[in-house]
Amino acid sequence: MLMVMEYFGYAGKILYVDLSKNSIRQVPLESSLIRDFVGGRGFASKILYDEVDVEADVMAPQNPLIFATGPLSDLAPSSSRLTIAARSPSTRIHGDSNVGGLFASELKRAGYDVLVIKGKSEKPVYLWINDGRAEIRDAKHLWGMTVPEVTKALLKEVGDREASVACIGPAGENIVYSAAVIVDFDRAASKTGMGAVMGNKKVKAVVVRGENETRIYDIQRFKKAFEEAISIYEREPTTKIGRAIGSHFLHDTHNAHGALILKNGRYGYLPPEVFKNVCAEAINRYNVKSTSGCGYCYLGCTRNFVIDSKRHGKFMITHLDYYGLAPLLYRLDIFDLEEGFYNAKLCEELGLDMTVGQQIALMMELYEHGIVKREELDGIDLTWGNADAVQTLLKKIAYKDGAGNIFAEGLLGIIKRYPEASKYAIHVKGMDNIPQDARASRTYNFRYAVSTRGADHMRASGLSSLVGTMFPKDLPGAVQGFMAVESLTTLINLLEVCTWAWSAYTSSLEAFKDKERVLVELYNSATGVNLSIDDLYRAAWRTLLIERAENVRYGLRRKDDTLPERFLKEPLPTEGGKFHPPYTDLDDRLNIYYRERGIDEKTGIPKKETLKALGLNYVAEDLNRRGIYMEVS
Amino acid sequence: MKKLIFDSNLCNWCRICTLACTLNHAPGNVISNKTSRIRIRFNKEKTLSVAEVCVQCEEAPCIGACPVSALSKDGLGRIVVDNSLCIRCGSCVKACPYHGITLVNDRILVCDLCDGDPACVRWCPFKAISYVEFSGENVERIKQLQNKMINTYEEVVSI
């Protein structure tokens with residue numbers, strides 16, 4: 001007799017689309033997958049590990065592109081998150097990107113927890129997924145459109161303006177490695193080049209809409225947990241800040257710490273007379289709506305802005321957060337906010353992610369040193385602060401026109417072309433370092449070194465100094481504090497709730513503990529799976545290690561868990577002629593981290609016994625078969 | 001007498017009101033947009049949204065439209081449906097200018113104000129939905145917001 005599993009919280013199905021075979025099939029979600037990987041990023045990383053062809057080309061058609069929702073997507077407060085994962089073309093290792101908007105909600109309502117796209121279409125297509133039905137549709141008429149153009153056209157074509165559209169712009173079509181997948185007009189799944197993977201598969205968009213209901217295991221318990229979550233938010237002072245100016249308060253915070261990455265990491269601080277032009281208060285003057293956020297959002301980290309610019313006319317940019325603006329503004333030595341907004345607008349339309357700003361900053365430095373010549377740049381004078389040059393370049397990058405080709409393969413492509421760039425490039429594992437300078441906050445930014453997708457602030461986002469108070473006041477204690485934040489952030493990604501709301505905006509140890517407890521309660525009451533916080537943290541650990549194992553298969557080792565050379569060697573000038581010294585204790589921190597996470601200290605490879613203890617025997621055997629354990633003494 | 005009112009300027013179309021409504025009424029342990037008595041229609045391109053919900057309007061055209069007089073207002077000012085009389089014809093659904101009444105699974109659904117403590121009002125993070133006394137200076141504001149709900153609807157839902 002066929003057992004039919006009942007699903008609560010989860011939709012219960014994975015949708016597989018193979019573009020090479022023109023086939024669509026759905027498979028039920030296995031209970032072992034749920035227990036071991038919980039959802040979202042966990043599902044995506046496990047499917048990616050199992051299905052990626054390690055020996056094949058990075059962009060091999062058989063490699064999957066995965067869209068994964070979590071068990072709390074569309075259910076919990078601040079929950080509408082989605083992981084998009086694939087082997088990354090830009091970093092050549094494990095790649096994934098997390099995005100908000102309403103796509104996760106709609107995919108779940110349409111009846112699917114996960115969508116896996118394999119193969120490659122010969123002609124442009126888009127997917128239309130609606131209430132348990134999926135079809136591959138022709139997209140010839142949509143190819144070439146910008147993000148707002150194609151989003152509008154598709155909402156009209158499917159006849160439902162509330163459908164959610166995840167699409168690529170010209171950058172993705174042209175397989176530019178800094179291409180993002182853009183959801184609902186303006187939310188970028190950025191970093192790791194997921195837009196390029198989608199473009200390579202000739203998928204212009206995925207459009208989803210659903211009206212299915214979600215069954216809840218114990219609705220009274222769930223409701224109680226939901227109300228508790230809201231009361232935690234209401235008590236948090238950070239909620240008020242989020243609602244008042246969104247994540248844009250970070251411009252001020254990071255400047256106060258001298259942690260802005262200016263002139264490609266040569267400076268960290270702007271004096272008041274300059275900073276006043278780009279501070280949160282100045283930004284807020286363009287704000288036109290008091291709130292703006294994702295599905296079930298309790299904070300609103302983004303803002304909508306209207307700009308009446310002398311150079312560009314009147315334009316609006318919606319759902320813009322701190323990280324969508326900073327890399328395209330003062331990071332390029334641009335202090336005219338309107339130009340920064342316009343750069344962000346261009347990226348959004350072209351489907352470029354903001355990491356391209358950091359690449360332009362690198363090129364500006366190379367230009368300053370005479371390593372890059374004006375002739376190579378089609379005559380563009382790429383001096384610091386030249387907004388006009390940036391805008392010309394952004395278009396060239398998206399369309400792979402002339403000098404734009406220098407950026408086609410992302411940061412690693414630039415380093416390949418100009419080997420001297422390696423000492424200036426602010427990156428880890430090929431990913432541009434977008435958030436703040438690690439020299440300004442050491443424990444917090446240790447995260448850039450160990451993140452499985454490269455220099456990254458979203459892999460461990462939260463106040464490690466607060467959490468660290470639970471541990472001894474020494475270096476091992478500091479690393480344990482960091483790990484507690486990393487564990488919670490990973491769990492948040494498995495559940496697909498918002499990292500900001502559930503971790504980064506946490507203002508006390510008590511609130512951290514409360515959020516941890518309420519997440520478990522929300523999960524168990526919604527799904528009936530009944531996992532303890534320890535079970536959930538083990539799933540997070542499993543996910544971290546399967547991602548690390550994937551990277552190990554691509555050749556990454558301990559030496560790759562590092563920081564940008566500049567962070568390790570140069571002091572960072574900050575306020576009043578003072579300096580943050582270079583980052584010096586990385587190795588000590590790594591030793592502690594590896595020991596705690598069951599990773600071999602010499603090589604950075606997950607230990608056989610750790611993998612086995614986590615139920616990942618097959619991963620240990622896979623690494624063994626590849627001869628990888630010969631390196632571990 | 002208090003009334004429920006929606007202010008699109010404050011709405012973020014996060015849809016938490018829908019979740020609050022369906023959790024509070026919890027028909028069959030499911031969360032569903034369809035069985036919610038409040039739904040948010042939105043237009044991402046225009047950054048506009050509007051709620052489909054009963055606002056306990058004075059005119060109550062739904063009552064007059066019912067051919068079998070199954071609808072009435074109770075002490076809270078909410079619309080009450082007598083299911084023994086209701087013939088599920090949908091006349092009230094069509095008559096409501098706020099799209100606040102729906103016919104789902106052979107049943108008329110309309111906001112019941114959660115018996116005086118609406119869950120959507122409690123849970124809306126941005127105070128876009130409020131439950132306020134219909135008197136004094138509020139009267140003019142409520143009427144303006146009611147008109148806005150009707151007047152912006154077509155603009156929101158048009159493709």
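Note on the range A:278-290: residues that are at pLDDT 90 or above and surrounded by fewer than 16 Cβ atoms within 10 Å (Cβ to Cβ) total 4. Can A:Ile371 be described as over 17 Å from A:Arg331 (Cβ atoms), over 24 Å from the mean Cα position of the chain (by Cα) and surrounded by fewer than 19 Cβ atoms within 10 Å (Cβ to Cβ)? Considered against the rule, which asks whether it is over 17 Å from A:Arg331 (Cβ atoms), over 24 Å from the mean Cα position of the chain (by Cα) and surrounded by fewer than 19 Cβ atoms within 10 Å (Cβ to Cβ), A:Ile371 comes out as yes.
Write out, first by first residue and then by second, each pair whose Cβ atoms fall under 6 Å of each other, whose residues are 6+ apart or on separate chains, and whose first residue, in the range A:221-238, is more than 8 Å from chain B (Cβ to nearest Cβ) and hydrophobic (A, V, I, L, M, F, W, C) while the second is surrounded by 15 or more Cβ atoms within 10 Å (Cβ to Cβ) and in a helix (DSSP H, G or I). Filtered contacts from the range A:221-238: A:Ala225/A:Val518; A:Ala225/A:Glu521; A:Ala225/A:Leu522; A:Ala225/A:Ser525; A:Ala229/A:Val518; A:Ile232/A:Asp514.
Taking the listed residues A:Phe67, A:Phe8, the one that is in contact (Cβ under 8 Å) with a residue 40 or more places away in the chain, under 30 Å from A:Ile230 (Cβ atoms) and buried (at least 24 other Cβ atoms within 10 Å of the Cβ) is A:Phe67, with no other qualifying. Output yes when any residue across the range A:172-190 is modelled with pLDDT under 95, in a loop (DSSP other than H, G, I, E, B) and more than 14 Å from chain B (Cβ to nearest Cβ), and no when none is. Yes - at least one qualifying residue is present in the range A:172-190. Among the candidates A:Gly265, A:Gly300, A:Gly258, A:Gly293, the residue that is at pLDDT below 95, surrounded by 16 or more Cβ atoms within 10 Å (Cβ to Cβ) and either within 30 Å of A:Val125 (Cα to Cα) or in the same structural domain as A:Arg133 (by TED's automatic domain parsing) (or both) is uniquely A:Gly293. Of A:Lys400, A:Lys396, all but one fail to be outside any helix (DSSP H, G or I), surrounded by fewer than 23 Cβ atoms within 10 Å (Cβ to Cβ) and modelled with pLDDT of 95 or more; the exception is A:Lys400.
Can you find a residue in the range A:254-262 that is in contact (Cβ under 8 Å) with a residue 12 or more places away in the chain, of a type outside the set (Gly, Ala, Ser) and assigned to a helix (DSSP H, G or I)? So far as the range A:254-262 goes, yes, one or more of its residues are in contact (Cβ under 8 Å) with a residue 12 or more places away in the chain, of a type outside the set (Gly, Ala, Ser) and assigned to a helix (DSSP H, G or I). Within the range B:103-115, the residues that satisfy the criterion of being without any contact (Cβ under 8 Å) to a residue 60 or more places away in the chain and surrounded by fewer than 20 Cβ atoms within 10 Å (Cβ to Cβ) are B:Leu103, B:Asp106, B:Arg107, B:Asp115. The criterion of being away from chain A (no Cβ under 14 Å), of a type in the set (A, V, I, L, M, F, W, C) and surrounded by fewer than 17 Cβ atoms within 10 Å (Cβ to Cβ) holds for B:Val132.
Residue-wise test of (1) closer than 18 Å to A:Ser79 by Cβ; (2) in the same structural domain as A:Tyr49 (by TED's automatic domain parsing); (3) at pLDDT below 95.
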| site | (1), (2), (3) |
| --- | --- |
| A:Phe512 | no, no, yes |
| A:Leu519 | yes, no, no |
| A:Tyr523 | yes, no, no |
| A:Tyr537 | no, no, no |
| A:Leu545 | no, no, no |
| A:Asn551 | no, no, no |
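Look at the range A:355-389 and say how many of its residues are part of a helix (DSSP H, G or I) and out of contact with any helix residue (DSSP H, G or I) (no Cβ under 9 Å at 6 or more places or on another chain). Qualifying residue count, the range A:355-389: 2. Taking the range A:21-139 and the strands (runs of 3 or more DSSP E) fully enclosed by it, the elements with 1 or more residues that are hydroxyl-bearing (Ser, Thr, Tyr) and more than 30 Å from A:Asn405 (Cβ to Cβ) are at A:23-28, A:82-87.
Listed here are the residues, each with its yes/no results for (1) among the β-branched types (Val, Ile, Thr); (2) more than 23 Å from B:Thr152 (Cα to Cα); (3) away from chain A (no Cβ under 14 Å).
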residue	(1), (2), (3)
B:Ile5	yes, no, yes
B:Ser8	no, no, no
B:Ala26	no, yes, no
B:Ile31	yes, yes, no
B:Thr35	yes, yes, no
B:Glu59	no, no, yes
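Each row is one residue, and each column tells you yes or no for (1) surrounded by fewer than 23 Cβ atoms within 10 Å (Cβ to Cβ); (2) in contact with a strand residue (DSSP E or B) (Cβ under 6 Å, 6 or more places away or on another chain).
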position	(1), (2)
A:Asn130	yes, yes
A:Lys140	yes, no
A:Ala153	yes, no
A:Gly159	yes, no
A:Val165	no, yes
A:Gly172	no, yes
A:Val181	no, yes
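One residue stands out among those in the range B:41-54 that are of a type in the set (Val, Ile, Thr) and surrounded by 22 or more Cβ atoms within 10 Å (Cβ to Cβ): the one that is farthest from the other protein chains (Cβ to nearest Cβ), which is B:Val53. Within the range A:549-564, the set of residues being part of a helix (DSSP H, G or I) and crowded, with 21+ Cβ neighbours inside 10 Å comprises A:Ala549, A:Glu550, A:Asn551, A:Val552. Examine the range A:44-52 for a residue that is modelled with pLDDT of 95 or more, closer than 26 Å to A:Phe226 by Cβ and buried (at least 24 other Cβ atoms within 10 Å of the Cβ), and state whether such a residue exists. The answer is yes, given that some residue of the range A:44-52 is modelled with pLDDT of 95 or more, closer than 26 Å to A:Phe226 by Cβ and buried (at least 24 other Cβ atoms within 10 Å of the Cβ). Just checking, how many residues over the range A:38-84 are under 19 Å from A:Glu547 (Cβ atoms), hydrophobic (A, V, I, L, M, F, W, C) and in contact with a Pro (Cβ under 8 Å, 6 or more places away or on another chain)? The total comes to 5.
Based on this model, can you work out whether A:Gly242 counts as among the small types (Gly, Ala, Ser) and assigned to a helix (DSSP H, G or I)? For A:Gly242, the condition - among the small types (Gly, Ala, Ser) and assigned to a helix (DSSP H, G or I) - is met. The criterion of being more than 30 Å from B:Arg39 (Cα to Cα) and either within 24 Å of the chain's Cα centre (by Cα) or within 14 Å of chain B (Cβ to nearest Cβ) (or both) holds for A:His251.
Per this entry, A:Leu563 is counted among residues that are closer than 24 Å to A:Leu362 by Cα, among the hydrophobic types (A, V, I, L, M, F, W, C) and modelled with pLDDT of 95 or more.
Being more than 19 Å from the chain's Cα centre (by Cα) and more than 14 Å from chain A (Cβ to nearest Cβ) is a property that B:Ser91 lacks. How about the range A:276-322: which of its residues are touching a residue at least 60 places away in the same chain (Cβ under 8 Å) and either assigned to a strand (DSSP E or B) or among the hydrophobic types (A, V, I, L, M, F, W, C) (or both)? Within the range A:276-322, A:Val278, A:Cys294, A:Cys297, A:Leu299, A:Cys301, A:Ile317, A:Thr318, A:His319, A:Leu320 qualify. For A:Asp138, indicate whether it is within 14 Å of chain B (Cβ to nearest Cβ), in contact (Cβ under 8 Å) with a residue 12 or more places away in the chain and among the charged types (D, E, K, R). The answer is no for A:Asp138.
Of all residues assigned to the range A:529-541, none qualifies as being within 25 Å of A:Leu616 (Cβ to Cβ), of a type in the set (S, T, N, Q) and surrounded by 15 or more Cβ atoms within 10 Å (Cβ to Cβ). Counting only strands (runs of 3 or more DSSP E) that sit completely within the range B:1-102, those holding 2 or more residues that are at pLDDT below 95 correspond to B:39-43, B:48-52.
The values are calculated or read from the model by the stated rules, or taken from the named source; none is laboratory data. Every value quoted in this text rests on a predicted model; they were computed, and no experiment measured them. As a convention, Cβ positions derive from the backbone with ideal geometry for all residues, glycine included, and neighbour counts pool all protein chains shown.
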